[in-house]
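To start, the structure itself, in structure tokens.
The values are calculated or read from the model by the stated rules, or taken from the named source; none is laboratory data. Just so we're clear, the structure is a prediction, and the values are computed from it rather than from any experiment. All Cβ positions, glycine included, derive from the backbone under ideal geometry; neighbour counts span all protein chains shown.
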Amino acid sequence: METRVHALTFSRKALPSALNWPLHAIAAQRGRLFLFVPVLLAIGIGCYFALPREPLAPEWTALATGVAVLLLLTWRAPPDLRPVLIAPALVGAGLMIAGQRAHYVAAPVLDYRYFGPVEGRIVKIDRAQSDALRLTLDQVVLENLPAERTPARIRFTLHGQQGFITPEPGLRVMTTAHLSPPPAPSEPGGFDFRRLAWFERLGAVGYTRVPVLTAAAATDGAAGLHIHRLRMQISTAVQAQMPGDRGGFAAAILTGDRSGIPQVRMEELRRSNLAHLLAISGLHMGLLTGFVFGLLRLLLALIPPLALRLPIRKIAALGALGAGGFYLLLSGGNVATERAYIMVAVMLTAVLLDRRAISLRSVAMAATLILLLRPEALVQAGFQMSFAATIALVAVFRWLSTERAWLNGVPRWAWPAISVVLCSVVAGVATAPVAAASFNRLAEYGLIANLLAVPLMGLVVMPSAVLAALLTPFGLQGLGLAVMGPAIDWILRVSAGVSALDGAVLPVVQPAPWVLPVMALGALWLIIWQGLARWAGISVIALAAWNWAETPRPLLLIAPEGAIVGLIGPDGRMLSRARGGSFAAAAWLRADGDSADQGTAFARSGADPRTAVTHLRANGLDVVHLAGQRGLALLEDVCVAERIVVTSQPAPEGQYPCRLITPRDLRQSGALAINAGGLTRSVQEISGRRPWTGS
């Protein structure tokens, strides 16, 4: 006899009793299962990036067959069994989408160090961390390199005497540059720039000290030339009317051009956790489109014939969508802005379809679209922080809307201020783990800075920007900019004051690679699942946080090519060189959660900075670093049993009593991490055989 319980539509006898409870629980989630679609896709995408090697063609075929079989079974299965079959199909689909994308963007990568003539077309203009101008070229031509081995794109930083051209997209340029393959991680498990470069089709990076000259004029319309010229015109006009730091800030949030902001101001904004105000992403896109939507709806409502006859809410949504699209083009269309526009577009489309605009379903739909189009976004901090903040805010305010009893004692006039405080607290807490894991530091007073600055961004700065844009055709844009100026001054004063406080920045140790994904899954389970089982998410978050706190760092790190060595001692990591290998040294100290600079870390070794031999001894490891030819000349003297000797120059072939590590070894393995007992891990071992590793 068939028994029905709740929404179940299958016979209990048809399935093992152990499956009854999970199927009942899943059936109780009807209406919320779509929220798990991007989560399951993300699990599959994450699994692809975590693979130790690229799947072979037969393995891809088997996976595709398995997904197809699951979908076929889903079509014939009872309704309550379908989610159980769809879930692994979505995971498999996510893995295939990421693999397809990785092979779709495949392009040649330079496999040696190149110095010589470079020619190509400018497709992107930005600035390096040093604030130097940086150009990305396509249609690249390199001397004596055949087309099939030439990178699709290269990027180089401009040093030395420049100024002979005005860079703009579409302009064909030539120079003489130093180029290298995208660098490997500075330690096993560290940030792999090669993967980021692969998905940007960036096959070489470098610098030039030779003037960049014009090879051919830009073609009208090529590579967004008109939009770029408009950006530069707006940026120049804004900075002319608002000189100094406020003009640079205004130009950055309006056009994405940060050239007018000094590095000292940028560092203050980073230390106070206000640098996100300059990144044209979710906050700016949401504030802009929200203000345009509200303004259009208000103006149309003031005209009774239109308000009574037209769907003014939908017209306002269309206007906001158009304003967001124009802002996307004006800002340069970077990945973060594209992601923000997709999120806003999904929500405004919900308004057009008479659906709830701000809901977890809308966020899930936006995440799904982004993961389908750019699966590599999953492993980027911008995607993680955007969706962490958005999901947390939607979840918290949805809960507040259902628990209204506590609002009875709150005056109506106080609710906007409370909302601002809640937004800052919730978004800050939600994004803090991602920020800490990605940048290895937390702005301890970032919440205070955001509470003092973000309200002005929403209430003054962005509305003033829209006002300035509306008044520009009449030559009255100065009115909007005049309102914006004092608010920007206040934001800059807040960043300067907060960043100057003692302990403004707290260094954070790098977590194990699995910690952040597990923490995210625990939080998502807590938010999405309904019922008592949701509280298991807190245990998952706590487990990940505990492991983060207990994460051990490698005792000994050896940089690529043996340029520098770092050994953890009683006072922190000791470095073998006071200068040289600075990129690896900074990355190691940052991942250790150590705020010391390279000079301070070298001083811990007690070595003379003039010597070519640095002896490090701690935690049971005895290490000697030999720098240059002077150091290599002493190899036989220091190479004794039970000692690790690292050289920065190739050593003569032969048998040595010590454990000798040379640049030749490191070219094969990449950077090394060695722990007690000699346990060694290499970049090659951890990164695996993937398209972007070149192996």
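Computed values, structure above
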item	result
Enumerated strands (runs of 3 or more DSSP E) restricted to region 501-569, each holding at least 3 residues that are in contact (Cβ under 8 Å) with a residue 60 or more places away in the chain and not charged (D, E, K, R)	505-507, 556-558
Boolean, residue 246 is surrounded by 17 or more Cβ atoms within 10 Å (Cβ to Cβ), basic (Lys, Arg), modelled with pLDDT under 85 and in contact with a Gly (Cβ under 9 Å, 6 or more places away or on another chain)	no
Criterion violated by residue 261 - all others in (1) within 28 Å of residue 366 (Cβ to Cβ); (2) in contact with a helix residue (DSSP H, G or I) (Cβ under 6 Å, 6 or more places away or on another chain) satisfied	(1)
Within region 580-602, considering residues that are over 28 Å from the mean Cα position of the chain (by Cα) and in contact (Cβ under 8 Å) with a residue 24 or more places away in the chain, the one surrounded by the fewest Cβ atoms within 10 Å (Cβ to Cβ)	602
Matching option when the condition is more than 20 Å from residue 265 (Cβ to Cβ) and among the hydrophobic types (A, V, I, L, M, F, W, C), among 512, 465	512
Filter result for residue 56 (surrounded by fewer than 19 Cβ atoms within 10 Å (Cβ to Cβ), of a type in the set (A, V, I, L, M, F, W, C), free of Cβ contacts under 8 Å to residues at least 12 places away in the same chain and at negative phi)	yes
Single residue of region 421-472 satisfying the filter (among the polar types (S, T, N, Q) and surrounded by 17 or more Cβ atoms within 10 Å (Cβ to Cβ)) that is nearest to residue 592 (Cα to Cα)	440
Whichever residue in region 264-274 is assigned to a helix (DSSP H, G or I) and in contact with a helix residue (DSSP H, G or I) (Cβ under 6 Å, 6 or more places away or on another chain) and, among such residues, is surrounded by the fewest Cβ atoms within 10 Å (Cβ to Cβ)	265
Single match in 133, 142 (criterion: surrounded by 20 or more Cβ atoms within 10 Å (Cβ to Cβ) and either over 28 Å from the mean Cα position of the chain (by Cα) or within 30 Å of residue 171 (Cβ to Cβ) (or both))	142
Filtered residues of region 490-516 (kept if more than 15 Å from residue 189 (Cα to Cα) and either touching a Gly at 6+ places or on another chain (Cβ under 8 Å) or aliphatic (A, V, I, L, M) (or both))	491, 492, 494, 496, 498, 500, 501, 504, 505, 506, 507, 508
Options 494, 498, 483, 466; residue that is closer than 16 Å to residue 288 by Cβ, in a helix (DSSP H, G or I) and modelled with pLDDT of 85 or more	483
Positions within region 201-241 being part of a loop (DSSP other than H, G, I, E, B), touching a strand residue (DSSP E or B) at 6+ places or on another chain (Cβ under 7 Å) and either within 18 Å of residue 692 (Cα to Cα) or small (Gly, Ala, Ser) (or both), in sequence order	201
Output for region 63-104, where each listed residue is surrounded by fewer than 16 Cβ atoms within 10 Å (Cβ to Cβ) and under 23 Å from the mean Cα position of the chain (by Cα)	100, 103, 104
Qualifying position, being buried (at least 20 other Cβ atoms within 10 Å of the Cβ) and modelled with pLDDT under 95, among 122, 154	122
Lone qualifier among 320, 340 - being of a type in the set (Gly, Ala, Ser), surrounded by 15 or more Cβ atoms within 10 Å (Cβ to Cβ) and under 21 Å from the mean Cα position of the chain (by Cα)	340
Residue that is farther than 19 Å from residue 584 by Cβ, of a type in the set (D, E, K, R) and in contact with a Gly (Cβ under 9 Å, 6 or more places away or on another chain), where the choices are 659, 630, 689, 643	659
Flag for residue 288 being within 24 Å of residue 253 (Cα to Cα), buried (at least 23 other Cβ atoms within 10 Å of the Cβ), at pLDDT below 85 and of a type in the set (A, V, I, L, M)	yes
Lone qualifier among 186, 180 - being surrounded by 21 or more Cβ atoms within 10 Å (Cβ to Cβ) and in contact (Cβ under 8 Å) with a residue 60 or more places away in the chain	186
Index of the failed condition, residue 687 passing every other in (1) out of contact with any helix residue (DSSP H, G or I) (no Cβ under 6 Å at 6 or more places or on another chain); (2) small (Gly, Ala, Ser); (3) closer than 24 Å to residue 108 by Cα	(1)
All positions within region 519-536 that are under 20 Å from residue 393 (Cα atoms) and either at pLDDT 95 or above or among the hydrophobic types (A, V, I, L, M, F, W, C) (or both)	519, 520, 521, 522, 523, 524, 525, 526, 527, 528, 529, 535
From the options 584, 578, 533, 563, residue that is farther than 24 Å from residue 673 by Cβ and among the aliphatic types (A, V, I, L, M)	533
Residue within region 544-555 that is closer than 28 Å to residue 396 by Cα and crowded, with 19+ Cβ neighbours inside 10 Å present	yes
Count of residues meeting criterion [touching a residue at least 24 places away in the same chain (Cβ under 8 Å), more than 19 Å from residue 176 (Cβ to Cβ) and not in a strand (DSSP E or B)] in region 119-158	5
Cβ pairs under 8 Å, 6+ apart, first in region 285-304 and without any contact (Cβ under 8 Å) to a residue 12 or more places away in the chain, second in a helix (DSSP H, G or I) and crowded, with 18+ Cβ neighbours inside 10 Å	301/312
Filtered residues of region 80-117 (kept if basic (Lys, Arg) and over 16 Å from residue 149 (Cα atoms))	82, 101
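Per-residue answers, yes or no, for (1) in contact with an Asp or Glu (Cβ under 9 Å, 6 or more places away or on another chain); (2) on the phi > 0 side of the Ramachandran plot:
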residue: 629; (1), (2): no, no
residue: 646; (1), (2): no, no
residue: 652; (1), (2): no, no
residue: 656; (1), (2): yes, no
residue: 664; (1), (2): no, no
residue: 688; (1), (2): yes, yes
